[in-house]
Amino acid sequence: MSNKGVGASSSSSSSSSSSSSSNSSSNSGSSNSRRAVNLSNGYGTVLVAPSILAADLANLCSVASRTEEAGADMIHLDVIDGHFAPNITFGPDTIRALRRCTSLPFDAHLMISEPLRYLERFIKAGCDIVTVHVEVCNAGIFRDVCSMLKGNGVGIGIALNPDTDIPSWAMDSMHDVDLINVMSVYPGFPGQRFIPSTLDKIARISKMLRERGFKARIEADGGVDATNAYDVASAGARVIVAGNGVYGNSDIASAIRSIRERAMLAVTSSTSMDKEGW
C-alpha cells in the first residue's frame, strides 16, 4: 500500500488502544498527518472497522474515542450524498471535526456521484483510505482518483454494489488498489440484512487477487456481525465493516472482539487447510 501501514492484528490493536488514547490529543488533531495503515500484511490477519453511521450520531466524538478504546482497527465512514444512494449522511467538515477525537485510521467509503469533484476535501479532512464506487467511475476518472490519493499518501479503494462486478478498466488499475469493498447490502442505510450470495463474489475476487498477485484486500461491508464473520473471512474478506454488529451492543469491545475471533478462526482454518494441501 502507498506509504502507510493499519495496526493489523488483534494484539496490536488492543495493545495500541491504551497508548493511542494517551496520545490522541497530540496525534489526532492534525488532518494532514496520516495514521499508520497496513493492509498488506498477508491474508493471515483480519481488521475490524466499525461503521460509525450506526452509532449515536449525537455523540460522534465520544463514540470515536470509545471505539478506539474498544480495540477497533479503523473507523469506517459512510459518506452518502442523496444521489448515488437514497440517504444523506455527513461530509468532510464532520470528518475533520471527528479527526480530533481519535487517532484511529479513517476508512472513508464515498457513496457519492462525483467522487473526483470532492476528493481533495476528504483528503484534507484526514481520511487515510478513500474508497470510490466503480458505478460512478470510468478509466479516466479512476486514474485521476488514484493519482490524487497516491500523491497524498492515502490508500485507494474501490467499492462494488451487490450486483456489480469489477469492470475491465478497474482490473487495468488493480496494481494501485489497496482495498476492494464488496457491498453485502445495497447502499443507503445501516441495519440491512446480509446478502448471502455475496460470499461467492468475495470468494471469486479473493481467488483472482491471489492468483494474479495483487496486493488489494477485500472488505466485507453490510450486515456483518459475529454470526457471519466466520463465513465472510472464510470466503476471503480481511477487513470487516460492522455497524449494528458493533454499535447495536452495549459492550462494543466485546462485539469487536467476537467479530475478530470468529473471523480469525476462519483464517486459521483456511491456513491449516492450505498447508495440508486441501
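The values are calculated or read from the model by the stated rules, or taken from the named source; none is laboratory data. These numbers were taken from a predicted model, which means no experiment stands behind them. Here the Cβ positions follow ideal geometry from the backbone for every residue, glycine too, while neighbour counts run over all protein chains shown. Accessible surface is based on the protein model in full, side chains and every heavy atom, while ligands, DNA and RNA are left aside. Shrake-Rupley method; radii C 1.70, N 1.55, O 1.52, S 1.80 Å.
Put a plus charge on the Cβ of each Lys and Arg, a minus charge on the Cβ of each Asp and Glu, and nothing anywhere else: the dipole of the stretch 140-278 about its Cα centre is then about 240 debye. Annotation: Met174 carries an accessible surface of approximately 0 Å², with a 1.4 Å probe and no ligand, DNA or RNA atoms counted. In this label model, Met208 and Ile195 are separated by 1.6 nm, measuring between points 7 Å along each Cα→Cβ vector. Using Cα centres only, tell me the gap between the stretch 149-188 and the stretch 63-133 in whole Å. Result: 16 Å between the Cα centres.
Sites listed here are trypsin sites (Lys or Arg not before Pro) in the stretch 185-278 whose DSSP assignment is loop and whose Cβ has at most 16 other Cβ atoms within 10 Å: Arg193, Lys215. Annotation for the stretch 178-278: GluC sites (Glu not before Pro) lying in DSSP loop with at most 11 further Cβ atoms inside 10 Å of their Cβ are Glu276.
Residues in the stretch 182-278 average 48 Å² of solvent-accessible surface per residue, probe 1.4 Å, ligands and nucleic acids excluded.
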